[in-house]
Amino acid sequence: LGHRDIALIGCDDNHGVAWLRCRGWEQAFERRGLTPPRHLCVPFGDLWGRFDRLAEFLSGNRISALFVTFGATIAFTLQTVERVGRRVPDDLSLMCCDDMEDTQEQLGVPISYVKMPLALMGRLAVEYVVKKCADPGFPVLRRQLEAGLLVNRACRPLEN
């Protein structure tokens, strides 16, 4: 959509899932022949209860889009965006790597997100726990499930 100044909100080299999502953000730039703007990465440590640090980051950097690695930080991020006088999607495009279908309705803000098969994931997890409790030697399940990308009005194309 023409965005180049995409902030990564919630990066962490020590958390497996976060690291993979951060790596995906980097690869998206690299695959387009661009250098990932690592100066636009906000570590988890700068998020929790630190409106001032995230607000300073958002105010001090030219950013057209936010990529949020975990849905748990979306409300905090949106509150901070509002505090610095910016709006989604008017001023910033917003993408989250977690399924935000219900959350965006509750917050009243559009969020583009990765659509996950949450009901299936929950069912498989419960089935696994039941089997593991019955047989402690039951092997760890490793399943890769299909997910989709839901891009809605939270992501706007940039005009040239």
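A few notes on this one:
- Residue list for the stretch 100-117, restricted to those being of a type outside the set (S, T, N, Q) and open to solvent by 90 Å² or more (accessible area, probe 1.4 Å): ASP102, GLU105
- Selection of the stretch 21-48 for residues being open to solvent by 40 Å² or more (accessible area, probe 1.4 Å) and not in a helix (DSSP H, G or I) yields ARG31, ARG32, GLY33, LEU34, THR35, PRO43, TRP48.
- Condition broken by PHE76, with the remaining ones in (1) within 24 Å of LEU8 (Cα to Cα); (2) touching a Pro at 6+ places or on another chain (Cβ under 9 Å); (3) open to solvent by less than 80 Å² (accessible area, probe 1.4 Å); (4) not polar (S, T, N, Q) satisfied: (2)
- Checklist (1) in a helix (DSSP H, G or I); (2) in contact (Cβ under 8 Å) with a residue 24 or more places away in the chain; (3) farther than 22 Å from VAL151 by Cβ applied to ALA75, failing item: (3)
- Residue match in the stretch 124-139 (condition: among the aliphatic types (A, V, I, L, M), under 20 Å from GLU105 (Cβ atoms) and surrounded by 10 or more Cβ atoms within 10 Å (Cβ to Cβ)): no
The values are calculated or read from the model by the stated rules, or taken from the named source; none is laboratory data. These figures come from a predicted structure and were not determined experimentally. Ideal geometry is used to build each Cβ from the backbone, glycine not excepted, and the neighbour counts take in all protein chains shown. Quick note on the areas: whole protein, heavy atoms, side chains included, nothing else; ligands and nucleic acids left out. Shrake-Rupley method; radii C 1.70, N 1.55, O 1.52, S 1.80 Å.
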